[in-house]
1. When Rg is the radius of gyration of the Cα atoms in the stretch 45-147 and Rh is its Kirkwood radius, what does Rg/Rh come to?
2. Sort out for me the Cα centre separation of the stretch 177-193 from the stretch 328-349, rounded to whole Å.
3. Among 182-190, 333-341, how do they line up from the highest to the lowest mean number of other beta-carbon atoms within 10 Å?
4. I need the chymotrypsin sites (Phe, Trp or Tyr not before Pro) found in the stretch 60-147, filtered to DSSP loop residues with at most 13 other beta carbons within 10 Å of theirs.
5. Report the paramagnetic label zone for Thr5: residues of the stretch 82-105 whose backbone N is under 14 Å from a point 7 Å from Cα along the Cα-to-Cβ axis.
6. Taking R0 as 22 Å, what FRET efficiency do you get between Leu17 and Met64 from their Cβ-Cβ distance, rounded to the nearest 0.05?
7. For labels at Ser321 and Ile102 in the simple 7 Å Cα→Cβ model, what's the distance in nm?
8. Work out the FRET efficiency for Arg217 and Thr292 from their Cβ-Cβ distance, taking R0 = 60 Å, and round it to the nearest 0.05.
Amino acid sequence: MNVLTITQLNNLIKRTLDREYLLKNVYVSGTIINAKRHSSGHMYFSLKDEESAIDVTMWSSTVMQKGLANAIQNGLLVTVKASVNFYNKMGRLNLIASDMQIGSKSPLQLEFDALKRELTALGYFDDGHKQSLPYMASCIGIVTSQSGAVLHDILHVSERRNPLVQFKLFSVPVQGNTAGPIIAKGIAAADADPDVDVIIVGRGGGSMEDLWCFNDRAVVEAIYKANTPVISAVGHETDYTLCDYVADARGATPSHAAEMAVLPLTTLQDQLTEKEEYLHEYIRYTLQQKRTDLTLLFNRRLGIPALQFLHKQKSYLQELSQTLTNVTKERCNTEKHSLALLAQQLESLNPLYKPFIVASMTSIPTKSVSSNGPIGKFAPNFIALSTSSGLQPSITKNAASFCIGTRTRLTINPGYSGASTICLPMSIAKFLTVSYVLLSVAIPRINSTNFITGAG
């Protein structure tokens, strides 16, 4: 058994096709679909009939030489001169077009163009009628087949971007002559659901016939009348239906439509963080401005006048305080002096601390009846003084004793005798008795009647 590798098989096919002369120049007729122009200028499209399709490539040099840059459009019925090419590395068969004759459009394309012109005139495709998509949809309605790959693609993309978004499926057929009205009812049901924030209408790629139900007038009117924003995601990027024109937004693919409808959770978090920082900065700036305004207002209305008033009152209080201090000191001194005087007076009235001085006076005798001599008059012999602390008494008297008369003894009758006491205040209770003998009695003399002087 001869087992071939994939490379060996593809090389064998290519050599076989290259040796076939009839495949070098073939004429193929069909309708253009999926036409697109590469940035290099190459044209890529497919030719199809009722049952089959084949990929076609026309190099940029051929496009420019034949003047077909703007002539290749979807829906055109054309005849292409080409050679069969097999790309062995990918195992792909295609046609390399060298020329093209453009004929009339296919009946479906002509019907498509006519309906498009009519709906355009009615304003179905006006941008003023289109709604903006919600910034963050919480529930998305999907109008598509339950068994198709579209539902899987949308859910997969949404789960990756934001798993918190919910979905509601409105299952409808997406192909066939009777699919159009059913799709229209599915759109109306999704629009009536209060939980749905945005609607995605979609299906996978296919031929114009496969996608024709999305060109149905009922489907176009249902999208036009919907109050909920609608995203059209029908076919591949190069496929255009009337749903794409009337919808509020178009997704190149169902996956792209899901990206348009679902806001990424990371983006939401970043935006929230940015808004939080902006709010903090705005609040900080606003508070700073308000503080500045209040400071200016306070200084203008209250601050400077208040500070001046307070300074004035402070100076006045200081003056009053100094005056009060001076008056208090003066009053204290006065009262202290008065208390000292009262204390002295009180001390002078205290009998426990009152020193005294006694002055003794001798009697003044009267003349005796039996006496024959002169009458003698006696003065006090001495004065006894009491003092303290070595102080001199305040009263001093000269004392002397003398006698004038005969040497005869006098007989003196007692007479009236009196005594007086003088009290002097002293500071302490220490007594000292001092006896003074004055000079006037230092040499007492007694003169007799015979003028004999004797000692006294």
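1. My calculation puts Rg/Rh at 1.12.
2. The stretch 177-193 and the stretch 328-349 have Cα centres spaced 119 Å from each other.
3. Values: 182-190: 21.0, 333-341: 9.8.
Packing proxy ranking, top to bottom: 182-190, 333-341.
4. Tyr135
5. Hits in the stretch 82-105 for Thr5 at 14 Å: 89.
6. The calculated FRET efficiency here is 0.20.
7. Once both label points are built, they end up 10.5 nm from each other.
8. 0.35
No lab work stands behind these numbers, since they all come straight from the coordinates. Model, not experiment: these values are computed from the prediction. Neighbour counts run over all protein chains shown; Cβ positions are idealised from the backbone, glycine included.
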